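A.B. asks: One structure follows; several queries about it will come next.
The values are calculated or read from the model by the stated rules, or taken from the named source; none is laboratory data. On a predicted model such as this, the values are computed, not experimentally measured, just so you know. Neighbour counts run over all protein chains shown; Cβ positions are idealised from the backbone, glycine included. What goes into the accessible areas is simple: the full protein's heavy atoms, side chains included, and nothing from ligands, DNA or RNA. Shrake-Rupley method; radii C 1.70, N 1.55, O 1.52, S 1.80 Å.
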Amino acid sequence: MKPINVGLLGIGTVGGGTWTVLTRNQEEITRRAGRPIHIVKVADRDLELAKKLTAGQVAVTDDAFSVVSDPDIDIVVELIGGTTIAKDLVLLAISHGKHVVTANKALLAVHGNEIFAAAQKQGVMVAFEAAVAGGIPIIKAVREGLAANRIEWIAGIINGTTNFILTEMREKGLDFDVALKDAQRLGYAESDPTFDVEGIDAAHKLMILAAIGFGIPMQFDKAYTEGITQLTGDDIRYAEQLGYRVKLLGITKRTDAGIELRVHPTLIPEKRLIANVNGAMNAVLVKGDAVGPTLYYGKGAGAEPTASSVVADLVDVTRMCTADPHQRVPHLAFQPDKLSDLPISPMDEVRTAYYLRLRAKDQPGVLADITRILGDLNISIDAFLQKEPAEGEQEVDIIMLTHITVEKYINQAIIEIELLPTISGKVTRIRLEELNS
Ligand code: NDP
Ligand code: HSE
(Lines give C-alpha, C1' and ligand atoms only; values in the text may rest on other atoms or scores of the structure.)
(Ligands and ions follow the chains in the order given, each with its own letter.)
Protein backbone atom coordinates (compact mmCIF):
# COMPACT_ATOMS: atom_id res chain seq x y z
CA MET A 1 0.00 0.00 0.00
CA LYS A 2 1.12 3.55 -0.68
CA PRO A 3 3.10 4.96 2.27
CA ILE A 4 1.66 7.80 4.35
CA ASN A 5 3.76 10.95 4.02
CA VAL A 6 4.29 13.01 7.14
CA GLY A 7 5.51 16.58 7.42
CA LEU A 8 7.12 17.24 10.80
CA LEU A 9 6.96 20.80 12.12
CA GLY A 10 9.50 21.29 14.93
CA ILE A 11 12.27 18.80 15.68
CA GLY A 12 13.04 19.88 19.25
CA THR A 13 12.46 17.64 22.29
CA VAL A 14 9.24 15.94 21.16
CA GLY A 15 9.90 16.28 17.42
CA GLY A 16 13.33 14.71 17.90
CA GLY A 17 11.79 11.89 19.94
CA THR A 18 9.16 11.35 17.25
CA TRP A 19 11.84 11.07 14.56
CA THR A 20 13.80 8.57 16.68
CA VAL A 21 10.84 6.35 17.63
CA LEU A 22 9.34 6.30 14.15
CA THR A 23 12.71 5.44 12.61
CA ARG A 24 13.66 2.84 15.21
CA ASN A 25 10.31 1.02 15.24
CA GLN A 26 9.48 1.47 11.55
CA GLU A 27 8.87 -2.21 10.89
CA GLU A 28 6.52 -2.79 13.86
CA ILE A 29 4.69 0.44 13.12
CA THR A 30 4.12 -0.55 9.49
CA ARG A 31 2.76 -3.92 10.61
CA ARG A 32 0.34 -2.12 12.91
CA ALA A 33 -0.72 0.68 10.57
CA GLY A 34 -1.04 -1.49 7.48
CA ARG A 35 1.23 0.77 5.44
CA PRO A 36 4.56 2.55 5.99
CA ILE A 37 4.52 5.94 7.70
CA HIS A 38 7.39 8.09 6.47
CA ILE A 39 8.48 11.53 7.61
CA VAL A 40 9.31 13.09 4.26
CA LYS A 41 9.89 16.70 5.24
CA VAL A 42 11.02 18.42 8.44
CA ALA A 43 10.67 22.11 9.23
CA ASP A 44 12.54 23.77 12.07
CA ARG A 45 13.79 27.27 12.72
CA ASP A 46 17.10 25.67 13.63
CA LEU A 47 18.12 24.24 10.25
CA GLU A 48 21.44 22.92 11.51
CA LEU A 49 19.71 20.94 14.27
CA ALA A 50 17.19 19.55 11.77
CA LYS A 51 19.96 18.52 9.35
CA LYS A 52 21.99 16.91 12.11
CA LEU A 53 19.09 14.87 13.51
CA THR A 54 17.79 13.71 10.15
CA ALA A 55 21.30 13.01 8.77
CA GLY A 56 20.39 13.89 5.19
CA GLN A 57 17.60 11.30 5.01
CA VAL A 58 14.77 13.77 4.29
CA ALA A 59 14.23 17.31 3.06
CA VAL A 60 14.60 19.99 5.74
CA THR A 61 13.45 23.58 5.63
CA ASP A 62 13.04 26.53 7.96
CA ASP A 63 9.75 27.40 6.26
CA ALA A 64 7.01 25.45 8.07
CA PHE A 65 4.34 26.95 5.78
CA SER A 66 5.92 25.25 2.78
CA VAL A 67 5.34 21.89 4.48
CA VAL A 68 1.65 22.41 5.27
CA SER A 69 0.92 23.41 1.67
CA ASP A 70 2.99 20.61 0.11
CA PRO A 71 0.54 18.42 -1.89
CA ASP A 72 2.64 15.30 -1.18
CA ILE A 73 2.10 15.51 2.59
CA ASP A 74 -0.82 13.52 4.07
CA ILE A 75 -0.37 14.23 7.80
CA VAL A 76 1.14 17.31 9.42
CA VAL A 77 2.67 16.78 12.86
CA GLU A 78 2.78 20.09 14.72
CA LEU A 79 5.44 20.07 17.46
CA ILE A 80 6.42 23.72 17.49
CA GLY A 81 4.20 24.75 20.38
CA GLY A 82 2.49 28.03 21.27
CA THR A 83 -0.77 29.51 20.07
CA THR A 84 0.30 31.88 17.30
CA ILE A 85 2.27 30.36 14.40
CA ALA A 86 1.15 26.88 15.44
CA LYS A 87 -2.49 27.97 15.06
CA ASP A 88 -1.92 29.41 11.59
CA LEU A 89 -0.05 26.29 10.52
CA VAL A 90 -2.70 23.88 11.85
CA LEU A 91 -5.59 25.80 10.29
CA LEU A 92 -3.73 26.04 6.99
CA ALA A 93 -2.94 22.33 7.03
CA ILE A 94 -6.63 21.59 7.65
CA SER A 95 -7.70 23.91 4.86
CA HIS A 96 -5.38 21.97 2.53
CA GLY A 97 -7.20 18.77 3.56
CA LYS A 98 -4.37 17.36 5.69
CA HIS A 99 -4.81 15.44 8.90
CA VAL A 100 -3.02 16.91 11.91
CA VAL A 101 -1.29 15.35 14.90
CA THR A 102 -0.27 17.71 17.67
CA ALA A 103 1.04 17.66 21.24
CA ASN A 104 0.05 21.28 21.71
CA LYS A 105 -2.36 21.48 24.64
CA ALA A 106 -2.20 25.27 24.82
CA LEU A 107 -3.37 25.52 21.23
CA LEU A 108 -6.27 23.10 21.73
CA ALA A 109 -7.42 24.47 25.10
CA VAL A 110 -7.49 28.02 23.77
CA HIS A 111 -8.41 27.58 20.08
CA GLY A 112 -9.74 24.00 20.03
CA ASN A 113 -13.35 24.94 19.20
CA GLU A 114 -12.25 26.75 16.03
CA ILE A 115 -9.73 24.05 15.07
CA PHE A 116 -12.10 21.11 15.54
CA ALA A 117 -14.91 22.91 13.69
CA ALA A 118 -12.56 23.54 10.75
CA ALA A 119 -11.40 19.91 10.80
CA GLN A 120 -15.01 18.67 10.93
CA LYS A 121 -15.90 20.81 7.94
CA GLN A 122 -12.93 19.52 5.94
CA GLY A 123 -13.47 15.90 7.00
CA VAL A 124 -9.95 15.60 8.45
CA MET A 125 -8.71 14.34 11.80
CA VAL A 126 -6.90 16.31 14.48
CA ALA A 127 -5.28 13.84 16.89
CA PHE A 128 -3.84 14.98 20.20
CA GLU A 129 -3.01 12.03 22.48
CA ALA A 130 0.37 13.59 23.36
CA ALA A 131 -1.25 16.82 24.52
CA VAL A 132 -2.32 15.37 27.88
CA ALA A 133 -0.07 13.39 30.24
CA GLY A 134 2.71 12.75 27.70
CA GLY A 135 3.03 9.02 27.11
CA ILE A 136 -0.12 7.92 28.98
CA PRO A 137 -2.89 7.08 26.48
CA ILE A 138 -5.43 8.95 28.58
CA ILE A 139 -7.31 10.55 25.68
CA LYS A 140 -8.04 7.17 24.14
CA ALA A 141 -8.96 5.74 27.54
CA VAL A 142 -11.50 8.45 28.38
CA ARG A 143 -12.84 9.00 24.87
CA GLU A 144 -13.13 5.36 23.83
CA GLY A 145 -12.37 2.96 26.69
CA LEU A 146 -14.82 4.62 29.08
CA ALA A 147 -17.45 5.49 26.48
CA ALA A 148 -20.11 3.52 28.38
CA ASN A 149 -19.77 5.67 31.48
CA ARG A 150 -21.15 8.89 32.78
CA ILE A 151 -17.86 10.43 33.93
CA GLU A 152 -18.22 11.88 37.45
CA TRP A 153 -14.79 13.35 38.04
CA ILE A 154 -11.22 13.37 36.82
CA ALA A 155 -8.25 14.30 39.00
CA GLY A 156 -4.69 14.14 37.85
CA ILE A 157 -1.06 14.98 38.25
CA ILE A 158 -0.75 16.24 34.71
CA ASN A 159 2.34 18.40 34.80
CA GLY A 160 5.65 16.56 35.00
CA THR A 161 7.75 19.64 35.71
CA THR A 162 5.90 20.62 38.87
CA ASN A 163 5.66 17.05 40.10
CA PHE A 164 9.41 16.74 39.56
CA ILE A 165 10.03 20.00 41.48
CA LEU A 166 7.75 19.00 44.39
CA THR A 167 9.42 15.59 44.59
CA GLU A 168 12.93 17.07 44.59
CA MET A 169 11.90 19.60 47.28
CA ARG A 170 10.39 16.88 49.48
CA GLU A 171 12.92 14.09 49.00
CA LYS A 172 16.17 16.01 48.60
CA GLY A 173 15.34 19.32 50.22
CA LEU A 174 16.32 21.06 46.95
CA ASP A 175 15.41 24.70 46.40
CA PHE A 176 12.60 25.43 43.96
CA ASP A 177 14.93 27.21 41.48
CA VAL A 178 17.49 24.39 41.39
CA ALA A 179 14.79 21.76 40.83
CA LEU A 180 13.21 23.87 38.05
CA LYS A 181 16.57 24.17 36.25
CA ASP A 182 16.95 20.37 36.38
CA ALA A 183 13.45 19.94 34.92
CA GLN A 184 14.34 22.33 32.10
CA ARG A 185 17.61 20.50 31.40
CA LEU A 186 15.72 17.20 31.20
CA GLY A 187 13.33 18.60 28.56
CA TYR A 188 10.19 18.49 30.75
CA ALA A 189 9.44 22.20 30.99
CA GLU A 190 7.55 24.35 28.50
CA SER A 191 9.58 26.95 26.58
CA ASP A 192 8.08 29.43 29.05
CA PRO A 193 8.31 27.53 32.38
CA THR A 194 5.82 29.96 33.96
CA PHE A 195 3.22 27.82 32.20
CA ASP A 196 4.36 24.86 34.28
CA VAL A 197 4.95 26.42 37.70
CA GLU A 198 1.82 28.62 37.62
CA GLY A 199 -0.42 25.68 36.74
CA ILE A 200 -1.32 27.00 33.28
CA ASP A 201 -0.02 23.95 31.42
CA ALA A 202 -1.97 21.66 33.76
CA ALA A 203 -5.08 23.80 33.22
CA HIS A 204 -4.69 23.48 29.43
CA LYS A 205 -4.61 19.70 29.81
CA LEU A 206 -7.47 19.69 32.32
CA MET A 207 -9.62 21.68 29.87
CA ILE A 208 -9.04 18.99 27.25
CA LEU A 209 -9.87 16.22 29.74
CA ALA A 210 -13.05 18.01 30.83
CA ALA A 211 -14.10 18.47 27.21
CA ILE A 212 -13.80 14.78 26.38
CA GLY A 213 -15.05 13.63 29.79
CA PHE A 214 -18.22 15.73 29.93
CA GLY A 215 -18.79 16.69 26.29
CA ILE A 216 -18.37 20.42 26.83
CA PRO A 217 -16.70 22.93 24.51
CA MET A 218 -13.28 24.38 25.35
CA GLN A 219 -13.59 27.36 27.71
CA PHE A 220 -10.10 27.72 29.09
CA ASP A 221 -10.70 31.26 30.35
CA LYS A 222 -13.05 29.82 33.01
CA ALA A 223 -10.49 27.43 34.52
CA TYR A 224 -9.20 28.30 38.00
CA THR A 225 -5.40 28.16 38.04
CA GLU A 226 -3.03 28.33 40.98
CA GLY A 227 0.59 27.15 40.74
CA ILE A 228 3.24 25.94 43.17
CA THR A 229 5.37 29.07 43.50
CA GLN A 230 3.88 30.01 46.89
CA LEU A 231 4.38 26.55 48.43
CA THR A 232 6.96 26.39 51.19
CA GLY A 233 9.05 23.50 52.47
CA ASP A 234 7.27 24.00 55.82
CA ASP A 235 3.87 23.27 54.30
CA ILE A 236 5.16 20.18 52.54
CA ARG A 237 6.62 18.93 55.87
CA TYR A 238 3.55 19.77 57.98
CA ALA A 239 1.30 18.04 55.45
CA GLU A 240 3.50 14.99 55.72
CA GLN A 241 3.25 15.00 59.52
CA LEU A 242 -0.52 14.92 59.14
CA GLY A 243 -0.35 11.98 56.69
CA TYR A 244 -0.68 13.88 53.40
CA ARG A 245 1.40 14.67 50.31
CA VAL A 246 1.15 17.93 48.41
CA LYS A 247 0.64 17.59 44.65
CA LEU A 248 -0.35 20.01 41.91
CA LEU A 249 -3.68 18.49 40.90
CA GLY A 250 -5.99 19.24 38.03
CA ILE A 251 -9.54 18.47 39.12
CA THR A 252 -12.69 18.51 37.04
CA LYS A 253 -15.94 17.36 38.56
CA ARG A 254 -19.59 17.19 37.58
CA THR A 255 -21.80 18.71 40.30
CA ASP A 256 -25.45 19.76 40.47
CA ALA A 257 -24.35 23.36 39.83
CA GLY A 258 -22.13 22.63 36.84
CA ILE A 259 -18.56 21.58 36.11
CA GLU A 260 -15.67 22.32 38.45
CA LEU A 261 -12.45 23.06 36.55
CA ARG A 262 -9.52 23.83 38.82
CA VAL A 263 -5.77 23.42 39.14
CA HIS A 264 -4.09 24.03 42.48
CA PRO A 265 -1.71 22.49 45.01
CA THR A 266 -3.66 19.84 46.89
CA LEU A 267 -3.13 17.71 49.98
CA ILE A 268 -3.83 14.04 49.20
CA PRO A 269 -3.79 11.23 51.81
CA GLU A 270 -0.40 9.54 51.48
CA LYS A 271 -2.07 6.11 51.34
CA ARG A 272 -3.59 6.89 47.93
CA LEU A 273 -1.60 5.50 44.99
CA ILE A 274 -1.68 8.87 43.28
CA ALA A 275 0.00 10.52 46.29
CA ASN A 276 3.04 8.34 45.59
CA VAL A 277 3.50 9.39 41.98
CA ASN A 278 6.89 11.06 41.95
CA GLY A 279 9.36 12.81 39.66
CA ALA A 280 8.13 13.67 36.18
CA MET A 281 5.62 10.82 36.30
CA ASN A 282 1.96 11.66 35.72
CA ALA A 283 -1.18 9.89 36.92
CA VAL A 284 -4.82 10.48 36.15
CA LEU A 285 -7.75 9.16 38.19
CA VAL A 286 -11.01 8.92 36.29
CA LYS A 287 -14.26 8.04 38.05
CA GLY A 288 -16.98 6.64 35.83
CA ASP A 289 -20.42 5.66 37.16
CA ALA A 290 -20.19 2.10 35.83
CA VAL A 291 -16.50 1.29 36.19
CA GLY A 292 -15.76 3.22 39.41
CA PRO A 293 -12.35 4.83 39.86
CA THR A 294 -9.63 3.96 37.32
CA LEU A 295 -6.01 5.09 37.47
CA TYR A 296 -3.60 5.72 34.57
CA TYR A 297 0.10 6.15 35.29
CA GLY A 298 3.22 6.80 33.21
CA LYS A 299 5.79 9.28 32.00
CA GLY A 300 4.12 12.62 31.48
CA ALA A 301 6.88 14.46 29.67
CA GLY A 302 10.15 14.02 27.81
CA ALA A 303 11.15 13.15 24.26
CA GLU A 304 10.34 9.48 23.73
CA PRO A 305 7.41 9.09 26.16
CA THR A 306 5.64 11.95 24.40
CA ALA A 307 6.70 10.62 21.00
CA SER A 308 5.05 7.33 21.96
CA SER A 309 1.69 9.16 21.92
CA VAL A 310 2.49 11.17 18.79
CA VAL A 311 3.36 8.01 16.86
CA ALA A 312 0.29 6.18 18.20
CA ASP A 313 -1.80 9.01 16.76
CA LEU A 314 0.02 8.66 13.44
CA VAL A 315 -0.90 4.97 13.38
CA ASP A 316 -4.52 5.77 14.29
CA VAL A 317 -4.86 8.46 11.65
CA THR A 318 -3.24 6.20 9.05
CA ARG A 319 -5.71 3.41 9.82
CA MET A 320 -8.71 5.74 9.70
CA CYS A 321 -7.80 8.14 6.91
CA THR A 322 -9.68 6.21 4.23
CA ALA A 323 -12.76 5.74 6.47
CA ASP A 324 -15.95 7.74 6.05
CA PRO A 325 -15.49 10.81 8.33
CA HIS A 326 -18.88 10.08 9.96
CA GLN A 327 -17.62 6.68 11.11
CA ARG A 328 -14.60 8.12 12.94
CA VAL A 329 -14.42 8.73 16.70
CA PRO A 330 -15.53 12.36 17.27
CA HIS A 331 -12.62 14.65 18.15
CA LEU A 332 -14.04 15.50 21.58
CA ALA A 333 -15.64 12.09 22.24
CA PHE A 334 -19.22 13.37 21.86
CA GLN A 335 -20.91 14.19 18.54
CA PRO A 336 -20.09 17.86 17.79
CA ASP A 337 -23.79 18.86 17.65
CA LYS A 338 -24.45 17.20 21.03
CA LEU A 339 -22.07 19.20 23.22
CA SER A 340 -23.45 20.23 26.60
CA ASP A 341 -23.83 23.80 27.84
CA LEU A 342 -23.26 22.91 31.50
CA PRO A 343 -21.74 25.99 33.14
CA ILE A 344 -18.28 26.03 34.74
CA SER A 345 -18.82 26.60 38.48
CA PRO A 346 -17.32 29.75 39.99
CA MET A 347 -14.47 28.96 42.36
CA ASP A 348 -16.33 30.55 45.30
CA GLU A 349 -18.91 27.76 45.11
CA VAL A 350 -16.45 24.86 45.01
CA ARG A 351 -16.77 22.41 47.91
CA THR A 352 -13.62 20.86 49.32
CA ALA A 353 -11.61 20.50 52.54
CA TYR A 354 -8.71 22.76 53.51
CA TYR A 355 -5.30 22.89 55.16
CA LEU A 356 -4.75 26.20 56.97
CA ARG A 357 -1.44 27.37 58.44
CA LEU A 358 -1.25 30.47 60.54
CA ARG A 359 1.29 32.15 62.75
CA ALA A 360 -0.15 33.06 66.16
CA LYS A 361 0.98 34.52 69.47
CA ASP A 362 1.55 31.73 71.99
CA GLN A 363 -1.03 32.98 74.52
CA PRO A 364 -4.42 31.94 75.96
CA GLY A 365 -7.58 32.65 73.96
CA VAL A 366 -6.02 32.52 70.50
CA LEU A 367 -7.49 29.16 69.59
CA ALA A 368 -10.88 30.11 71.00
CA ASP A 369 -11.00 33.12 68.65
CA ILE A 370 -10.07 31.02 65.65
CA THR A 371 -12.54 28.24 66.38
CA ARG A 372 -15.30 30.81 66.98
CA ILE A 373 -14.71 32.33 63.54
CA LEU A 374 -14.73 28.91 61.89
CA GLY A 375 -17.76 27.76 63.90
CA ASP A 376 -19.77 30.86 62.96
CA LEU A 377 -19.21 29.96 59.31
CA ASN A 378 -20.16 26.33 59.90
CA ILE A 379 -16.63 25.10 59.18
CA SER A 380 -15.63 22.13 61.27
CA ILE A 381 -12.07 21.17 62.15
CA ASP A 382 -10.85 17.68 61.28
CA ALA A 383 -7.27 17.77 62.60
CA PHE A 384 -5.06 20.21 64.43
CA LEU A 385 -1.30 20.62 64.91
CA GLN A 386 0.50 23.20 67.01
CA LYS A 387 4.26 23.45 66.80
CA GLU A 388 6.45 24.36 69.78
CA PRO A 389 7.73 27.94 69.55
CA ALA A 390 11.35 28.10 68.38
CA GLU A 391 13.94 29.11 70.99
CA GLY A 392 13.37 32.74 72.01
CA GLU A 393 10.25 33.17 69.81
CA GLN A 394 6.79 34.19 71.04
CA GLU A 395 4.87 32.91 68.03
CA VAL A 396 3.92 29.42 66.91
CA ASP A 397 2.74 27.78 63.71
CA ILE A 398 -0.81 26.42 63.97
CA ILE A 399 -1.96 23.98 61.33
CA MET A 400 -5.58 22.89 60.88
CA LEU A 401 -7.38 20.59 58.50
CA THR A 402 -11.05 21.32 57.96
CA HIS A 403 -13.89 19.10 56.87
CA ILE A 404 -15.50 19.85 53.51
CA THR A 405 -16.89 23.35 53.24
CA VAL A 406 -17.58 25.93 50.55
CA GLU A 407 -14.67 28.01 49.24
CA LYS A 408 -16.40 31.35 49.91
CA TYR A 409 -16.79 30.45 53.60
CA ILE A 410 -13.13 29.57 54.04
CA ASN A 411 -12.17 32.82 52.28
CA GLN A 412 -14.35 34.76 54.71
CA ALA A 413 -12.83 32.90 57.66
CA ILE A 414 -9.32 33.73 56.47
CA ILE A 415 -10.18 37.42 56.22
CA GLU A 416 -11.50 37.41 59.81
CA ILE A 417 -8.61 35.35 61.20
CA GLU A 418 -6.02 37.65 59.62
CA LEU A 419 -7.70 40.60 61.38
CA LEU A 420 -7.15 39.08 64.84
CA PRO A 421 -4.46 40.99 66.78
CA THR A 422 -2.88 37.71 67.86
CA ILE A 423 -2.25 36.56 64.28
CA SER A 424 0.71 37.76 62.26
CA GLY A 425 1.07 37.65 58.49
CA LYS A 426 -1.11 35.82 56.02
CA VAL A 427 -2.97 32.56 56.52
CA THR A 428 -1.76 29.84 54.13
CA ARG A 429 -4.60 27.89 52.52
CA ILE A 430 -4.15 24.68 50.55
CA ARG A 431 -7.10 22.63 49.34
CA LEU A 432 -7.41 19.00 50.40
CA GLU A 433 -9.04 16.16 48.47
CA GLU A 434 -9.60 12.67 49.87
CA LEU A 435 -9.95 11.25 46.32
CA ASN A 436 -11.93 8.27 47.55
CA SER A 437 -14.69 6.98 45.35
P1 NDP B 1 10.99 22.45 21.79
O2 NDP B 1 11.19 23.90 22.04
O3 NDP B 1 11.99 21.50 22.30
O4 NDP B 1 10.84 22.21 20.21
C5 NDP B 1 10.15 23.07 19.35
C6 NDP B 1 10.99 23.18 18.07
O7 NDP B 1 10.25 23.97 17.13
C8 NDP B 1 12.31 23.89 18.32
O9 NDP B 1 13.36 23.23 17.63
C10 NDP B 1 12.05 25.28 17.74
O11 NDP B 1 13.21 25.94 17.28
C12 NDP B 1 11.14 24.96 16.59
N13 NDP B 1 10.37 26.11 16.15
C14 NDP B 1 9.89 27.15 16.87
N15 NDP B 1 9.25 28.03 16.08
C16 NDP B 1 9.31 27.54 14.82
C17 NDP B 1 8.84 27.98 13.56
N18 NDP B 1 8.16 29.11 13.43
N19 NDP B 1 9.11 27.24 12.46
C20 NDP B 1 9.82 26.08 12.59
N21 NDP B 1 10.30 25.61 13.75
C22 NDP B 1 10.05 26.33 14.86
O23 NDP B 1 9.54 22.10 22.34
P24 NDP B 1 8.99 20.67 22.80
O25 NDP B 1 9.41 19.64 21.83
O26 NDP B 1 9.28 20.48 24.22
O27 NDP B 1 7.42 20.93 22.68
C28 NDP B 1 6.74 20.88 21.45
C29 NDP B 1 5.25 20.78 21.73
O30 NDP B 1 4.99 19.59 22.44
C31 NDP B 1 4.69 21.91 22.59
O32 NDP B 1 3.39 22.19 22.18
C33 NDP B 1 4.68 21.30 23.99
O34 NDP B 1 3.73 21.89 24.82
C35 NDP B 1 4.31 19.90 23.66
N36 NDP B 1 4.68 18.90 24.63
C37 NDP B 1 5.95 18.84 25.13
C38 NDP B 1 6.32 17.84 26.01
C39 NDP B 1 7.69 17.73 26.55
O40 NDP B 1 7.92 16.85 27.37
N41 NDP B 1 8.64 18.58 26.14
C42 NDP B 1 5.35 16.82 26.41
C43 NDP B 1 4.02 16.96 25.84
C44 NDP B 1 3.73 17.97 24.99
P45 NDP B 1 13.97 26.94 18.33
O46 NDP B 1 14.57 26.05 19.36
O47 NDP B 1 14.96 27.62 17.46
O48 NDP B 1 12.91 27.84 18.88
N1 HSE C 1 5.81 20.88 30.43
C2 HSE C 1 4.98 19.76 30.42
C3 HSE C 1 5.10 19.02 31.74
C4 HSE C 1 5.36 18.83 29.29
O5 HSE C 1 6.03 19.31 32.50
O6 HSE C 1 4.25 18.18 32.04
C7 HSE C 1 4.39 17.69 29.12
O8 HSE C 1 3.16 18.16 28.65
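A.B. asks: Being among the aromatic types (Phe, Trp, Tyr) and either more than 20 Å from residue 110 (Cβ to Cβ) or more than 16 Å from ligand 1 (Cβ to nearest atom) (or both) is the filter here, so list the residues in the stretch 122-154 that pass it.
C.D. replies: Once the filter is applied, which keeps residues that are among the aromatic types (Phe, Trp, Tyr) and either more than 20 Å from residue 110 (Cβ to Cβ) or more than 16 Å from ligand 1 (Cβ to nearest atom) (or both), the stretch 122-154 yields only 153.
A.B. asks: Let me ask something else. If you check residue 377 against the conditions, is it open to solvent by 70 Å² or more (accessible area, probe 1.4 Å) and more than 31 Å from the chain's Cα centre (by Cα)? Break it down into steps so the answer makes sense when it comes.
C.D. replies: Working: open to solvent by 70 Å² or more (accessible area, probe 1.4 Å): no; more than 31 Å from the chain's Cα centre (by Cα): yes.
Taking the combined requirement at face value, the residue does not satisfy it.
A.B. asks: Pairs please, first residue from the stretch 231-255 and assigned to a strand (DSSP E or B), second anywhere and hydroxyl-bearing (Ser, Thr, Tyr), Cβ atoms under 6 Å, 6+ apart in sequence or on different chains.
C.D. replies: Once the first residue is assigned to a strand (DSSP E or B) and sits in the stretch 231-255, its partners that are hydroxyl-bearing (Ser, Thr, Tyr) give 247/266; 248/162; 249/266.
A.B. asks: Give the residues of the stretch 150-165 that are under 19 Å from residue 228 (Cβ atoms) and either without any contact (Cβ under 8 Å) to a residue 40 or more places away in the chain or open to solvent by 10 Å² or more (accessible area, probe 1.4 Å) (or both), sorted by residue number.
C.D. replies: 164
A.B. asks: For residue 312, work out the one condition from (1) of a type outside the set (S, T, N, Q); (2) at pLDDT 95 or above; (3) under 30 Å from residue 22 (Cα atoms); (4) open to solvent by less than 40 Å² (accessible area, probe 1.4 Å) it doesn't fulfil.
C.D. replies: (4)
A.B. asks: Of all residues in the stretch 180-200, how many are more than 20 Å from residue 231 (Cα to Cα) and either more than 15 Å from ligand 1 (Cβ to nearest atom) or in a helix (DSSP H, G or I) (or both)?
C.D. replies: Qualifying residue count, the stretch 180-200: 1.
A.B. asks: Next question. Can you name the residue in the stretch 340-353 that is at pLDDT 95 or above and open to solvent by 60 Å² or more (accessible area, probe 1.4 Å) and is also nearest to residue 262 (Cα to Cα) among such residues?
C.D. replies: 346
A.B. asks: Right, another one. What are the residues in the stretch 98-114 that are buried (at least 24 other Cβ atoms within 10 Å of the Cβ), free of Cβ contacts under 8 Å to residues at least 40 places away in the same chain and in a helix (DSSP H, G or I), if any?
C.D. replies: 107 - this is the single residue of the stretch 98-114 that is buried (at least 24 other Cβ atoms within 10 Å of the Cβ), free of Cβ contacts under 8 Å to residues at least 40 places away in the same chain and in a helix (DSSP H, G or I).
A.B. asks: Could you tell me whether any residue of the stretch 16-29 is of a type in the set (Lys, Arg), touching a helix residue (DSSP H, G or I) at 6+ places or on another chain (Cβ under 9 Å), more than 9 Å from ligand 1 (Cβ to nearest atom) and assigned by TED's automatic domain parsing to the domain that holds residue 80?
C.D. replies: Checked against the condition, which is being of a type in the set (Lys, Arg), touching a helix residue (DSSP H, G or I) at 6+ places or on another chain (Cβ under 9 Å), more than 9 Å from ligand 1 (Cβ to nearest atom) and assigned by TED's automatic domain parsing to the domain that holds residue 80, the stretch 16-29 yields no hits at all.
A.B. asks: For the stretch 98-114, state whether one or more residues are over 30 Å from residue 215 (Cα atoms) and either among the aromatic types (Phe, Trp, Tyr) or over 26 Å from the mean Cα position of the chain (by Cα) (or both).
C.D. replies: Taking every residue of the stretch 98-114 in turn, none turns out to be over 30 Å from residue 215 (Cα atoms) and either among the aromatic types (Phe, Trp, Tyr) or over 26 Å from the mean Cα position of the chain (by Cα) (or both).
A.B. asks: Specify which of the listed residues (147, 141) is away from ligand 2 (no atom under 12 Å from the Cβ), closer than 28 Å to residue 267 by Cβ, in contact (Cβ under 8 Å) with a residue 40 or more places away in the chain and of a type in the set (Gly, Ala, Ser).
C.D. replies: Selected residue: 141, the only one of 147, 141 that is away from ligand 2 (no atom under 12 Å from the Cβ), closer than 28 Å to residue 267 by Cβ, in contact (Cβ under 8 Å) with a residue 40 or more places away in the chain and of a type in the set (Gly, Ala, Ser).
A.B. asks: Out of the residues in the stretch 80-97 that are open to solvent by 30 Å² or more (accessible area, probe 1.4 Å) and in contact (Cβ under 8 Å) with a residue 40 or more places away in the chain, state the one that is nearest to residue 59 (Cα to Cα). Even if it seems obvious, please write down each step before you answer.
C.D. replies: Filtering the stretch 80-97 for residues open to solvent by 30 Å² or more (accessible area, probe 1.4 Å) gives 80-85, 87-88, 91-92, 95-97.
Narrowing the set further to residues that are in contact (Cβ under 8 Å) with a residue 40 or more places away in the chain leaves 80-82.
Numbers: 80: 18, 81: 21, 82: 24 Å.
Among those that are open to solvent by 30 Å² or more (accessible area, probe 1.4 Å) and in contact (Cβ under 8 Å) with a residue 40 or more places away in the chain, it is 80.
A.B. asks: I've got another one for you. Filter the stretch 372-414 down to residues that are free of Cβ contacts under 8 Å to residues at least 60 places away in the same chain, under 23 Å from residue 266 (Cα atoms) and outside any loop (DSSP other than H, G, I, E, B), then give me how many there are.
C.D. replies: Looking only at that region, the number is 15.
A.B. asks: Right, another one. Take the conditions of a type in the set (Val, Ile, Thr), at negative phi and in a loop (DSSP other than H, G, I, E, B) and apply them to residue 322. Does it pass? Talk me through it step by step, then tell me what you get.
C.D. replies: Numbers: of a type in the set (Val, Ile, Thr): yes; at negative phi: yes; in a loop (DSSP other than H, G, I, E, B): yes.
So residue 322 passes the test.
A.B. asks: Test of understanding: among 161, 167, which residue is of a type outside the set (Gly, Ala, Ser) and within 12 Å of ligand 2 (Cβ to nearest atom)? Walk me through how you get there before you give the answer.
C.D. replies: Details: 167 fails: within 12 Å of ligand 2 (Cβ to nearest atom).
Checking each option against the conditions leaves just 161.
A.B. asks: Of all residues in the stretch 201-224, which are within 16 Å of ligand 1 (Cβ to nearest atom) and without any contact (Cβ under 8 Å) to a residue 60 or more places away in the chain?
C.D. replies: Within the stretch 201-224, 206 is the sole residue that qualifies.
A.B. asks: Kindly indicate the residue of the stretch 17-42 that is touching a Gly at 6+ places or on another chain (Cβ under 9 Å), of a type outside the set (Lys, Arg) and open to solvent by 10 Å² or more (accessible area, probe 1.4 Å) and also nearest to ligand 2 (Cβ to nearest atom) among those meeting that condition.
C.D. replies: Looking at residues that are touching a Gly at 6+ places or on another chain (Cβ under 9 Å), of a type outside the set (Lys, Arg) and open to solvent by 10 Å² or more (accessible area, probe 1.4 Å), I get 39.
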